[in-house]
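The values are calculated or read from the model by the stated rules, or taken from the named source; none is laboratory data. Owing to the predicted nature of the structure, the values given are computational and were not obtained by experimental measurement. Neighbour counts are summed over all protein chains in view; Cβ atoms, including those assigned to glycine, are modelled from backbone coordinates with ideal geometry. SASA here: full protein model, heavy atoms, side chains in, ligands and nucleic acids out. Shrake-Rupley method; radii C 1.70, N 1.55, O 1.52, S 1.80 Å.
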Amino acid sequence: MKSAIPLWDIPSLAIQGRAERFPVRRIYCVGRNYAAHAREMGHDPDREPPFFFLKPADAIVPDGGTMPYPPATADLHHEIELVVALARGGRDVPAEHAMDLVFGYAVGLDMTRRDLQNQAKKAGRPWDMGKGFDHSAPCGPVVPKEAVGDASKGAIWLDVNGARRQVGDLSDLIWSVPETIAYLSGLVELMPGDLIFTGTPEGVGAVVRGDRLHGHVDGVGDIEVVIV
């Protein structure tokens, strides 16, 4: 194809133990998927249908990288999450077959301009500028599913400057990984290269320039990012 403007590089993630990289197509995020986090955000944690928002693929920040403090906010929050990377796609995928789509897992951060998100909520407007801004999706390397399993349990935590901020367990997910994939595939056609950020446990809070974030998911690994 002859392009009228310069083409951009496809965003991608390292794959643990491999020379190949994982190309990123879309980033889907599940909102309020841990009961304790739903409560801390002022919502009922009953098992309502999951809801989703998106981040641009080029919002990825790799493990060990730096995240510029974004403009137009004074309340940048961290949200540590298990990330699911898809090798296959599909529509209306049954939950019992959903894990067949999974390539592997990663540790991610759903960074949020909380003040902009809250303003949008109050006005009944979309969250896009609170969630889908530049550099808002730090993500570690993808670990192939064979090395992890179904990622249905295991500790998930986040430290800021060495102090524990968030802690939970994957078994606390309101909607499990296969249930989330199945539900999302009824809304959009999933494709290879899609990432799903599966939600964050309680303890979200603000970070400032100079803060070092260290996130971990048992069996998957770690991510470190510095806010600059």
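Restricting attention to the range 134-152, report how many residues are touching a helix residue (DSSP H, G or I) at 6+ places or on another chain (Cβ under 7 Å), in a loop (DSSP other than H, G, I, E, B) and in contact (Cβ under 8 Å) with a residue 40 or more places away in the chain.
Within the range 134-152, residues that are touching a helix residue (DSSP H, G or I) at 6+ places or on another chain (Cβ under 7 Å), in a loop (DSSP other than H, G, I, E, B) and in contact (Cβ under 8 Å) with a residue 40 or more places away in the chain number 5.
What's the number of the only condition in (1) in contact with a strand residue (DSSP E or B) (Cβ under 8 Å, 6 or more places away or on another chain); (2) of a type in the set (D, E, K, R); (3) surrounded by fewer than 20 Cβ atoms within 10 Å (Cβ to Cβ); (4) modelled with pLDDT of 95 or more that Asp134 fails to meet?
(1)
Could you list, in sequence order, the residues of the range 153-163 that are assigned to a strand (DSSP E or B), in contact (Cβ under 8 Å) with a residue 24 or more places away in the chain, closer than 13 Å to Val207 by Cα and not acidic (Asp, Glu)?
Leu158, Val160
For Glu224, state whether it is open to solvent by 30 Å² or more (accessible area, probe 1.4 Å) and modelled with pLDDT under 95.
So Glu224 fails the test.
List the strands (runs of 3 or more DSSP E) inside the range 171-228, counting only whole elements, that have at least 2 residues being without any contact (Cβ under 8 Å) to a residue 24 or more places away in the chain and β-branched (Val, Ile, Thr).
none
Ile196: at pLDDT 95 or above, within 25 Å of Arg113 (Cα to Cα) and in contact with a Cys (Cβ under 8 Å, 6 or more places away or on another chain), yes or no?
yes
Testing Tyr183 on (1) modelled with pLDDT of 95 or more; (2) surrounded by fewer than 22 Cβ atoms within 10 Å (Cβ to Cβ); (3) more than 19 Å from Gly31 (Cα to Cα), one condition comes back false. Which one is that?
(3)
Take the residues in the range 54-89 that are more than 29 Å from Val228 (Cβ to Cβ) and in contact with a Leu (Cβ under 6 Å, 6 or more places away or on another chain), then tell me which one is most open to solvent (accessible area, probe 1.4 Å).
Out of the qualifying residues, it is Arg88.
Starting from residues that are within 17 Å of the chain's Cα centre (by Cα) and of a type in the set (Val, Ile, Thr), keep the ones in the range 139-180 and report whichever is surrounded by the fewest Cβ atoms within 10 Å (Cβ to Cβ).
So, considering only residues that are within 17 Å of the chain's Cα centre (by Cα) and of a type in the set (Val, Ile, Thr), the one surrounded by the fewest Cβ atoms within 10 Å (Cβ to Cβ) is Val167.
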